[in-house]
There are 10 protein chains.
Amino acid sequence: MPSQPSKELETFQNPHPGRDYEIVITAPEFTSLCPVTGQPDFGTITVNYVPGPRCIELRSFKLYLWSYRQEGAFYEDVTNRILNDLVEAAAPVKMTVTGDFNVRGGISTKVIARHGY
Amino acid sequence: MPSQPSKELETFQNPHPGRDYEIVITAPEFTSLCPVTGQPDFGTITVNYVPGPRCIELRSFKLYLWSYRQEGAFYEDVTNRILNDLVEAAAPVKMTVTGDFNVRGGISTKVIARHGY
Amino acid sequence: MPSQPSKELETFQNPHPGRDYEIVITAPEFTSLCPVTGQPDFGTITVNYVPGPRCIELRSFKLYLWSYRQEGAFYEDVTNRILNDLVEAAAPVKMTVTGDFNVRGGISTKVIARHGY
Amino acid sequence: MPSQPSKELETFQNPHPGRDYEIVITAPEFTSLCPVTGQPDFGTITVNYVPGPRCIELRSFKLYLWSYRQEGAFYEDVTNRILNDLVEAAAPVKMTVTGDFNVRGGISTKVIARHGY
Amino acid sequence: MPSQPSKELETFQNPHPGRDYEIVITAPEFTSLCPVTGQPDFGTITVNYVPGPRCIELRSFKLYLWSYRQEGAFYEDVTNRILNDLVEAAAPVKMTVTGDFNVRGGISTKVIARHGY
Amino acid sequence: MPSQPSKELETFQNPHPGRDYEIVITAPEFTSLCPVTGQPDFGTITVNYVPGPRCIELRSFKLYLWSYRQEGAFYEDVTNRILNDLVEAAAPVKMTVTGDFNVRGGISTKVIARHGY
Amino acid sequence: MPSQPSKELETFQNPHPGRDYEIVITAPEFTSLCPVTGQPDFGTITVNYVPGPRCIELRSFKLYLWSYRQEGAFYEDVTNRILNDLVEAAAPVKMTVTGDFNVRGGISTKVIARHGY
Amino acid sequence: MPSQPSKELETFQNPHPGRDYEIVITAPEFTSLCPVTGQPDFGTITVNYVPGPRCIELRSFKLYLWSYRQEGAFYEDVTNRILNDLVEAAAPVKMTVTGDFNVRGGISTKVIARHGY
Amino acid sequence: MPSQPSKELETFQNPHPGRDYEIVITAPEFTSLCPVTGQPDFGTITVNYVPGPRCIELRSFKLYLWSYRQEGAFYEDVTNRILNDLVEAAAPVKMTVTGDFNVRGGISTKVIARHGY
Amino acid sequence: MPSQPSKELETFQNPHPGRDYEIVITAPEFTSLCPVTGQPDFGTITVNYVPGPRCIELRSFKLYLWSYRQEGAFYEDVTNRILNDLVEAAAPVKMTVTGDFNVRGGISTKVIARHGY
């Protein structure tokens, strides 16, 4: 089954919908391109959420992150866009997305966006 | 005394029932099978609880975790099922079960389910 | 001056009774015997308290912990008993005793008991 | 494009103004001069903020920190001045600036200043 | 300029009196004598405070800590005395002093005293 | 493509046969059964080798390790057997296999077997 | 000055050719594609060399590593190819290239290739 | 099967006698009594050996270490005695025993004894 | 006594000239300017030497490193120049100078130069 | 039994004189005075030796180190003097003394002196 980068996020039915529980997904292999210089950026994306009716399917989330590989993306914007896309796909009770980006010019940057708090 | 994997959880009488205290059990040798690919998954199960009338007997908990060794189990489901089984067996005042699963496809996943909070 | 294991805890007068301050005592050399198998158990006992009229004398606390060396002791029970003995000896404003016990059967256990919270 | 140290901070329009999210910038290469002895001081400056209408542009922040390289600066004062300058430039909803300075005379010092809390 | 151990603490005017900010001073080279055995004790003194009208001058604080080098000092007492002396000298809005003392007899001790909370 | 545990190791042609270089493979998810008690054992298998005409194919090595999941295996024996099987399959110039097994009865064990040194 | 991924490595004249000294370059942001699945791989490339007449220019080495971003590359092959390209470009007295690749299928791999030893 | 502390070390036949391989056993729960003060000492015993005709059986080694629990033992002597007893029981090709003992009086001690080097 | 950056290194007479012993000096606060971009570089300079007739005076070495603060310096060159200057000043039996420079463009660099080996 | 700082080192008879084994003593609570400024210095003294006819008695070594508390001592000199005193007292087969001293002026220093190598 060939895999392709894709912005489509798949979900599956929450197996325990009657309970508020947390899921934390850590993806340390995020890479995109700097929109200003065109050079690669690297970082770790962490998603922390309380699922609503549906959970995020991990393989599709991997392909989703892959889809940023050749795209330009500002740190502040991409972290919020990932949050928006995940919220739209899975309608979580609440969700936090953290983008922790590698040192550039001696400075590292982290962006933390929340939905439903 | 031969040991066997078993879903039966044993408990013993809480020796200090008049006080709300916490017990934290950390089991870093949990393994089950992925229901999709059939391949082994690995993780750490942590149980944090305030005991009610009974405490969880550790040897039976070890055999209980062993019982997942050849079973298919989704991360989100198995963490909640362990919580349900422990709550049914020991009726704790409150309990958290955390499943912290190893990297698959460059992504690691943690599931945190709570009862009685 | 010969030292002997002893269950008697000595205390001294709190030198600053007008202020609520914390004292944290960490004893990583606790050992007792498993009441089921008779084999040695090992762990770290941590005491965190706000003193009342009296403070716990450290040398007597060391001899007190030593007194468990050849005694059978369940994790849940011994942590609560240490708390009870310290509370009786020193009447703290509040106190937490934590017993953090080494891996047995691939599982480690921590017990956290509080008084006065 | 030649770079110069500069006290002018540039900002850009917050790409997600409708959501309160956090940005954390860590700059471990801050250096200034001790106003008393004239000798170099070293530290890490961390900025944690919820952006208002505008975000801090990272390259200009790097040049801003560089501008302290040959200036005398007391720890307590410089941390607050950086906060003041960033607040004036970007009008954040809230912001914390932390200056964590290296050991001098066997003692290390951290200064934490907050705006909007 | 010869330096001498001294109980006199110097202060300087708070450069940003209109804002509640924190200063954390970490001094890992504290040593005094045990009042019972006369032998050296070692520990780390940490001061965390919100300055009032005046800040603690670091060089004088170093000489102040040095003044305990040949003095007998109980852990519980010396931590509270340092807090009292700093409060008297600088009238902070609030202050915490922590004394974290090295292992003696297999046991380590930490004392945490607060003013103004 | 369904995966199955298998003792068959696949290899591929060494892409740089003219140079002595090292390959280090670290597999922290090894599990077998204790031949005495029947209970699960866990450990990390590390293979360090200089390839001869052929290199070890990683996916088949994963399936090979999986084949021990329901087998009894003594630490000393299984480490040497893995070395023998890898040597037979790939004829390396030299190879070290290390089995680093988890704590049992308060004791951890590591076995290091070498070929061609 | 726009940057582009490029296989051309630039060098500069060794400023101290009369002395055998070592240079260690660590590049933790290497990424290529798996030639079998097409999915991204990630790793750290470390180069350790004693320069001959010329040293490796770091900016061009960054662009060189970038050139693998959309290329298929086996771990064993790419590590040796990087060594070959660097040796051809800079004629070092001796050089080691290490590729330390992230976990795939629960297994991580490191390849260490040497020239001139 | 009741367990008792015992100085008798059991061994089993080396399953791979034709190869020189290493076995490392780490036992962090060693405790004995100080022959001078009678108070408990604690440490980690590590055994590193190349087996001869026989290997050390781990359960009996655990009971062997337990046998020191109520015995007086100087660090230098006990490390060498453990080496002597293991050499006599298993006739290793070579063996190192390390005793790494906890801080006493602000000083920690390690003893490393070798046989067959 | 005002301090100034200075290229003059002071030395003092080796107090134990009859014995070959090592001195290791670690200076994590080195900063210079990039000769290409003019921007600040940061790193740690470590000196490891066996003294000959004279030892390096530490205060003068601090002022010596300070003298690079506003100078352009390539990593490879500055590490060798520091070695040359120290060798000329102190005539050590042997000496290693290591420059460990911070990440630039996702890549960190270390230079290790030796004299007398 | 009152303890006093003392330059007299006591020894005891080597319990296993027929074997060359190592003893490592780590003392992280060394403090003396800087001979230039008179201010306290702090460091860790490590002694690594193969005993000859006699071993170093630890309690007397503690009192010996204490004897430097109010003495001026240069790093290079004191490390060698401790080695000389220990060699004279215990006539070891070989011995290394390491003095690892805390940061002063942003620079830390280690001195390593050997006898009998």
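The values are calculated or read from the model by the stated rules, or taken from the named source; none is laboratory data. Bear in mind the structure is a predicted one, so any value in this text is a computation, not a measurement. Positions of Cβ are backbone-derived with ideal geometry, glycine not excepted, and every protein chain shown enters the neighbour counts.
Computed quantities for the displayed model
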| item | result |
| --- | --- |
| Residue that is farthest from the other protein chains (Cβ to nearest Cβ) [pool: residues in segment I:95-104 that are among the hydrophobic types (A, V, I, L, M, F, W, C) and free of Cβ contacts under 8 Å to residues at least 60 places away in the same chain] | I:95 |
| Verdict on residue F:36 being at pLDDT below 95 and within 29 Å of residue H:29 (Cβ to Cβ) | yes |
| Answer from I:26, I:109 - the residue that is over 22 Å from residue D:38 (Cβ atoms) and touching a Gly at 6+ places or on another chain (Cβ under 9 Å) | I:109 |
| Tally of residues being hydroxyl-bearing (Ser, Thr, Tyr) and more than 17 Å from the chain's Cα centre (by Cα) across segment C:1-23 | 2 |
| Close pairs from segment I:105-117: first facing chain G (nearest Cβ under 7 Å), partner small (Gly, Ala, Ser), Cβ under 6 Å, at least 6 apart | I:107/G:27; I:111/I:99 |
| Meets criteria (without any contact (Cβ under 8 Å) to a residue 40 or more places away in the chain and within 12 Å of the chain's Cα centre (by Cα)) for residue C:81 | yes |
| Within segment I:1-98, strands (runs of 3 or more DSSP E) holding 2 or more residues that are touching a Phe, Trp or Tyr at 6+ places or on another chain (Cβ under 9 Å) and buried (at least 16 other Cβ atoms within 10 Å of the Cβ) | I:22-33, I:40-50, I:54-56 |
| Filter result for the condition that a residue is of a type in the set (Gly, Ala, Ser) and either touching a His at 6+ places or on another chain (Cβ under 9 Å) or within 16 Å of residue G:46 (Cβ to Cβ) (or both), over G:113, G:91 | G:113 |
| Subset of segment J:45-94 [away from chain I (no Cβ under 14 Å) and hydroxyl-bearing (Ser, Thr, Tyr)] | J:49, J:60, J:64, J:67, J:68 |
| Selection within segment G:84-117 - out of contact with any helix residue (DSSP H, G or I) (no Cβ under 9 Å at 6 or more places or on another chain) and among the β-branched types (Val, Ile, Thr) | G:87, G:93, G:103 |
| The listed residue being of a type outside the set (Lys, Arg) and more than 7 Å from chain G (Cβ to nearest Cβ), out of F:31, F:26 | F:31 |
| Hits in segment H:16-33 (condition: more than 20 Å from residue H:78 (Cβ to Cβ), without any contact (Cβ under 8 Å) to a residue 40 or more places away in the chain and not aliphatic (A, V, I, L, M)) | H:16, H:17, H:18, H:19, H:21, H:22 |
| Residue list for segment J:59-72, filter: among the charged types (D, E, K, R) and within 14 Å of the chain's Cα centre (by Cα) | J:59, J:62, J:69 |
| Matching entry among F:109, F:96, F:46 (being closer than 30 Å to residue H:66 by Cα and of a type in the set (S, T, N, Q)) | F:109 |
| Single match in G:19, G:59, G:69, G:81 (criterion: touching a helix residue (DSSP H, G or I) at 6+ places or on another chain (Cβ under 7 Å) and among the charged types (D, E, K, R)) | G:19 |
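A quick yes/no check of all residues on (1) acidic (Asp, Glu); (2) over 11 Å from the mean Cα position of the chain (by Cα):
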{"site": "H:25", "(1), (2)": "no, no"}
{"site": "H:54", "(1), (2)": "no, yes"}
{"site": "H:57", "(1), (2)": "yes, yes"}
{"site": "H:74", "(1), (2)": "no, yes"}
{"site": "H:86", "(1), (2)": "no, no"}
{"site": "H:89", "(1), (2)": "no, yes"}
